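This report concerns only the one structure given below.
The values are calculated or read from the model by the stated rules, or taken from the named source; none is laboratory data. Every value quoted in this text rests on a predicted model; they were computed, and no experiment measured them. For neighbour counting, all protein chains shown are included, and Cβ atoms are generated from backbone atoms with ideal geometry for every residue, glycine included. Accessible surface is based on the protein model in full, side chains and every heavy atom, while ligands, DNA and RNA are left aside. Shrake-Rupley method; radii C 1.70, N 1.55, O 1.52, S 1.80 Å.
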Amino acid sequence: MTFTELWSQLEPIGRWAETGGYRRYSWTAADADCRAWFAEQARSRGLRLETDRNGNLWGWWGEPGPGAIVTGSHLDSVPDGGAFDGPLGIVSAFAAVDLLRERGAQPVKPIAVTAFVEEEGARFGVACLGSRLLTGVVDRSRALGLTDDSGVSYAQAMAAAGLDPDNVGADEGLVGNIGAFVELHVEQGRALEPLGHAVGIGESIWPHGRWRLDFTGVADHAGTALFADRKDPMLPYASTVLAARRIASERGALATFGKVIAEPGGANGVPAAVHAWLDARAAEEAVLRETVTTVSYEAEKASAEQGVSFSVRQESETPVVRFDQGLLNRISGVLGKAPVLPTGAGHDAGVLAARVPTAMLFVRNPTGVSHSPAEHADRADCEAGVRALAAVLEELACR
Ligand code: GLV
Ligand code: MN
Ligand code: MN
């Protein structure tokens with residue numbers, strides 16, 4: 001099947017008409033439709049479909065076993081995400097399998113196409129939850145107890161989608177069967193455009209994480225409470241946003257508040273509490289730690305000045321990732337002059353890299369915009385990505 005045919009099947013699922021963005025949250029109806037699409041792609045190609053104990057999907061070409069060459073990404077999205085972040089890697093994986101078969105390639109190792117669950121952490125807060133559970137870097141009881149914004153737990157959401165939460169946990173047998181993992185992904189940032197290349201190779205991922213900041217004040221009436229009497233959590237939150245921008249820029253780091261909830265959320269009231277999520281990233285772990293510590297210190301200070309209480313809690317953290325040099329060299333040998341790029345974006349490949357030789361391919365994104373409906377890759381570049389992935393799979397699985 002061509003890339004365009006595959007792409008157009010998945011395109012309408014979970015798309016929000018008003019924004020043109022995707023809302024494909026884990027264990028929702030849109031996610032179930034994406035998973036059914038994956039299952040159908042595996043079935044129609046004669047790939048053996050397996051759902052692992054954490055709900056990640058695997059489509060096996062050949063008997064599952066040691067030395068498997070695994071490729072894939074994720075189907076879930078951020079709120080109003082773009083079409084490419086995640087799905088491009090899965091569509092390209094199926095298209096690469098088709099291309100290899102057309103060419104009569106004979107794998108001597110099993111190949112698997114995979115879809116990891118809850119990569120964005122958009123519903124339950126912890127990014128790459130499916131690959132973290134698979135590799136055992138997140139505790140199963142912590143994962144099962146995570147809740148979404150409506151108070152539904154991860155265990156309840158999984159069970160409602162027909163999976164057994166009692167099965168959740170590390171799967172050493174499955175991880176032990178992975179000989180190499182290659183994730184193709186839309187480029188996030190725009191390094192490839194000026195270099196004139198459709199496809200790049202991942203070198204490293206910046207260390208990054210998410211922190212939840214809680215500012216708790218006292219609810220009051222917007223029209224009658226004197227400023228002098230207020231304990232308004234919005235004030236320290238607002239100054240923390242500005243401080244984070246300054247603190248991160250001084251260190252060459254990044255800090256973003258993309259999600260904030262004011263409670264109880266009345267337009268004519270001083271809020272009782274403000275909950276905000278800090279996403280912070282830096283090239284070095286020490287710089288990341290220092291950035292977050294300094295932002296937390298400023299938030300604490302600003303809260304104390306307003307009589308507001310403050311607490312901060314880490315929700316997820318990914319250490320610096322450097323992809324396997326041997327695999328990178330081998331892929332460079334296949335892809336010729338493809339540029340080698342670092343990225344500030346997180347990926348399941350970053351989690352798997354701690355356990356198995358892992359690599360990434362990036363497909364040019366002309367504007368660099370991602371986590372937005374405007375995210376884009378030209379069709380010709382996507383097709384170049386499929387050819388590159390097929391060449392890499394052939395090198396790794398057919399020799
Ligand atoms: C995932 O896309 C992330 O970098 O947060
Ligand atoms: Mn993403
Ligand atoms: Mn992604």
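For first residues located in the stretch 155-174 and free of Cβ contacts under 8 Å to residues at least 40 places away in the same chain and farther than 19 Å from Cys34 by Cα, partners that are surrounded by 18 or more Cβ atoms within 10 Å (Cβ to Cβ) and among the basic types (Lys, Arg) and lie 6+ apart or on another chain with Cβ distances below 8 Å form the pairs Ala170/Arg140. Restricted to the stretch 57-145, the set of strands (runs of 3 or more DSSP E) holding at least 2 residues that are within 16 Å of ligand 3 (Cβ to nearest atom) comprises 68-74, 111-116.
Confirm whether Ala302 is over 26 Å from Ala349 (Cα atoms), open to solvent by 70 Å² or more (accessible area, probe 1.4 Å) and either touching a strand residue (DSSP E or B) at 6+ places or on another chain (Cβ under 9 Å) or in a loop (DSSP other than H, G, I, E, B) (or both). So Ala302 fails the test. A residue that is open to solvent by less than 10 Å² (accessible area, probe 1.4 Å), away from ligand 1 (no atom under 16 Å from the Cβ) and touching an Asp or Glu at 6+ places or on another chain (Cβ under 8 Å) occurs nowhere in the stretch 113-132. Residues considered: Ala345, Ala338, Ala353. Of these, the only one that is modelled with pLDDT of 95 or more, within 16 Å of ligand 1 (Cβ to nearest atom), in contact with a Ser or Thr (Cβ under 8 Å, 6 or more places away or on another chain) and open to solvent by less than 60 Å² (accessible area, probe 1.4 Å) is Ala345.
Note on the stretch 255-278: residues that are surrounded by 19 or more Cβ atoms within 10 Å (Cβ to Cβ) and either modelled with pLDDT under 95 or in a strand (DSSP E or B) (or both) amount to 7. The requirement of being more than 16 Å from ligand 3 (Cβ to nearest atom), open to solvent by less than 10 Å² (accessible area, probe 1.4 Å), farther than 30 Å from Gly89 by Cα and touching a residue at least 40 places away in the same chain (Cβ under 8 Å) is fulfilled somewhere in the stretch 224-234, by at least one residue. Applying a threshold of 9 Å to beta carbon distances and a minimum spacing of six or more residues, or different chains, the list of pairs starting in the stretch 304-327 at a residue that is farther than 20 Å from His275 by Cβ and ending at one that is charged (D, E, K, R) and in a helix (DSSP H, G or I) reads Pro319/Glu285; Val320/Glu285. When Gly130, Gly151 are checked against the criterion of being of a type in the set (Gly, Ala, Ser), under 28 Å from His208 (Cα atoms) and free of Cβ contacts under 8 Å to residues at least 12 places away in the same chain, Gly151 stands alone in meeting it.
Residues that are assigned to a helix (DSSP H, G or I) and either open to solvent by 40 Å² or more (accessible area, probe 1.4 Å) or of a type in the set (S, T, N, Q) (or both) within the stretch 356-399 comprise Arg379, Ala380, Glu383, Arg387, Glu394, listed in sequence order. State whether one or more residues within the stretch 59-75 are within 20 Å of the chain's Cα centre (by Cα) and open to solvent by 20 Å² or more (accessible area, probe 1.4 Å). Within the stretch 59-75, not a single residue is within 20 Å of the chain's Cα centre (by Cα) and open to solvent by 20 Å² or more (accessible area, probe 1.4 Å).
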